[in-house]
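Reading through the structure tokens given below for one structure.
The values are calculated or read from the model by the stated rules, or taken from the named source; none is laboratory data. Keep in mind that what you see is a predicted model, and the values were worked out from it rather than measured. Counting neighbours? That spans all protein chains shown, and the Cβs are built from the backbone with ideal geometry, glycine included.
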Amino acid sequence: MSATSHAPGKYFVPEPSKWPLVGSFALLLLAFGAVGTMNKLAWGWWTLAAGSAVLLYMLFGWFGQVIKESESKLYGKNVDISFRWSMSWFIFSEVMFFAAFFGALGFARLHSVPDLASIDSKTLWPNFAGSWPTTGPYIDSPFTPMGAWGIPALNTALLLLSGVWLTLSHHAVIAGHRSKAIGWLALTIVFGVVFLGFQVYEYIHAYSALNLKLTSGIFGSTFFMLTGFHGFHVTVGAIMLFVVLIRLMRGHFTPQNHFAFEAAAWYWHFVDVVWLGLFVIVYML
Amino acid sequence: MQFIVILVLVAIVVSMASALFFMYRDAGKGSNRMFKALALRVGLSVGLFICLMVAYKLGYIGPRGIGK
């Protein structure tokens, strides 16, 4: 690439990169690994693990390269705008992702289950009452739904408090108080990790004491799908915040220019709001 | 009760969306509008949660919550 593309005011175009190829190879391994695992083939798990390892290598290498380019002052205003647009579209896709899952729960509760219990379905399912929570008419596996006021309420408090710590960290970044920003951000991550620990405990409790499983019909599948994918997003958000914490410690951000912090913070707030929606809609309604 | 909870949830989503808008619009301007929008959403979320806890303690909502 010629030096002119790196000049100020020009749109930065990176050198040809191996990372898209590495990422494609990782996805190939992941796809074969997932198929092999689901079909209980001996090589399935190994291929899945190898795909995950290659994907992590790509994420670490590619994002690391982007951070190095940013710190080398290769990026101008245009690249900054493209990052913000990219983050906006990523967030839009995440909103649609959760909207589909909440939509599935809403459709099942408000349409499918009442329809299966209606007079029209009495010939097929004469004993199905249709009250929520339910497994559905054809699975006879009684379970106790997860109550809202134990671990779920505690987890809600933990995640909301992590949002408060993150807001304090954000304020410290804008005010130029780096050490305070580092402390509050570290506390945010700790609260996120504790949240995940409690969620693992909640799942163990659901399986062992409540007989609430992924196979518990429509309630079990929507419950674990929504809370499980949310837990995965908390994990991703915590990793993002951890990378931002390292960059904060290295002095990468200024009060005027800290887009990576803003993007990761917005993502964490989003994950926090999704949990609040889950707490109200899945656990309380 | 359900209507109020959903209304606050909508307000939270609106404050999140405005934060996203300000993140894009205020790029490099040193503005704190995004921060203010996110702080508002944190305040609304914590307020909603506290209200739900108080309502539960006072017996306004049952063990499975506002639906019962």
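Which of the residues belonging to the range A:239-270 are under 24 Å from B:ARG33 (Cα atoms) and more than 11 Å from chain B (Cβ to nearest Cβ)?
A:MET240, A:LEU241, A:VAL244, A:LEU245, A:ARG247, A:LEU248, A:GLY251, A:HIS252, A:PHE253, A:ALA260, A:ALA264
Within the range A:195-216, is even one residue in contact with a Gly (Cβ under 8 Å, 6 or more places away or on another chain), within 14 Å of chain B (Cβ to nearest Cβ), over 27 Å from A:PHE60 (Cα atoms) and among the aliphatic types (A, V, I, L, M)?
yes
Which ones in the range A:85-105 are more than 12 Å from chain B (Cβ to nearest Cβ) and over 19 Å from A:ALA264 (Cα atoms)?
Those that are more than 12 Å from chain B (Cβ to nearest Cβ) and over 19 Å from A:ALA264 (Cα atoms): A:ALA100, A:PHE101, A:GLY103, A:ALA104, A:LEU105.
Find the residue count for the range A:167-201, including only residues that are under 17 Å from the mean Cα position of the chain (by Cα), farther than 30 Å from A:LYS213 by Cβ and crowded, with 17+ Cβ neighbours inside 10 Å.
2
Taking the condition among the charged types (D, E, K, R), exposed (fewer than 14 other Cβ atoms within 10 Å of the Cβ), more than 14 Å from every other protein chain (Cβ to nearest Cβ) and more than 30 Å from B:ARG25 (Cβ to Cβ), does A:LYS68 pass?
Here the answer is no, as A:LYS68 does not meet what is asked.
When you look at A:PHE98, is it more than 24 Å from A:GLY277 (Cα to Cα) and either surrounded by 14 or more Cβ atoms within 10 Å (Cβ to Cβ) or in the same structural domain as A:PRO255 (by TED's automatic domain parsing) (or both), yes or no?
No: the conditions fail for A:PHE98.
Surrounded by 20 or more Cβ atoms within 10 Å (Cβ to Cβ), more than 15 Å from A:GLN199 (Cα to Cα) and not hydrophobic (A, V, I, L, M, F, W, C) - does that describe any residue in the range A:125-133?
yes
Working only within the range A:133-142, note down all residues that are more than 14 Å from chain B (Cβ to nearest Cβ) and of a type outside the set (Gly, Ala, Ser).
A:THR135, A:PRO137, A:TYR138, A:ILE139, A:ASP140, A:PRO142
Which pairs turn up if I take residues in the range A:33-47 that are free of Cβ contacts under 8 Å to residues at least 40 places away in the same chain and look for partners that are surrounded by fewer than 16 Cβ atoms within 10 Å (Cβ to Cβ) with beta carbon separation below 7 Å, at least 6 apart in sequence or on another chain?
Close Cβ pairs satisfying both conditions: A:GLY36/A:TRP43; A:THR37/A:TRP45.
Filter the range A:237-257 for residues that are in a helix (DSSP H, G or I) and either among the polar types (S, T, N, Q) or without any contact (Cβ under 8 Å) to a residue 24 or more places away in the chain (or both) and give the result.
Matches in the range A:237-257: A:ILE239, A:ILE246.
If a residue counts only when it is within 21 Å of B:LEU38 (Cα to Cα) and either hydroxyl-bearing (Ser, Thr, Tyr) or in contact with a Ser or Thr (Cβ under 9 Å, 6 or more places away or on another chain) (or both), which helices (runs of 4 or more DSSP H) contained entirely in the range A:67-179 have at least 2 such residues?
In the range A:67-179, the matching helices (runs of 4 or more DSSP H) lie at A:77-107, A:151-175.
Going by the structure shown, is B:GLY67 at pLDDT below 85, surrounded by fewer than 19 Cβ atoms within 10 Å (Cβ to Cβ), closer than 25 Å to A:ARG84 by Cα and at the interface with another protein chain (Cβ under 7 Å from one of its Cβ atoms)?
So B:GLY67 fails the test.
Tell me which residues, restricted to the range A:225-236, are surrounded by fewer than 21 Cβ atoms within 10 Å (Cβ to Cβ), within 23 Å of A:PHE60 (Cβ to Cβ) and touching a residue at least 40 places away in the same chain (Cβ under 8 Å).
Residue satisfying the conditions is A:HIS233 alone.
This table checks each residue for (1) touching a residue at least 24 places away in the same chain (Cβ under 8 Å); (2) more than 9 Å from every other protein chain (Cβ to nearest Cβ).
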site: B:MET1; (1), (2): yes, yes
site: B:VAL8; (1), (2): yes, yes
site: B:ILE12; (1), (2): yes, no
site: B:ARG33; (1), (2): no, yes
site: B:SER45; (1), (2): yes, no
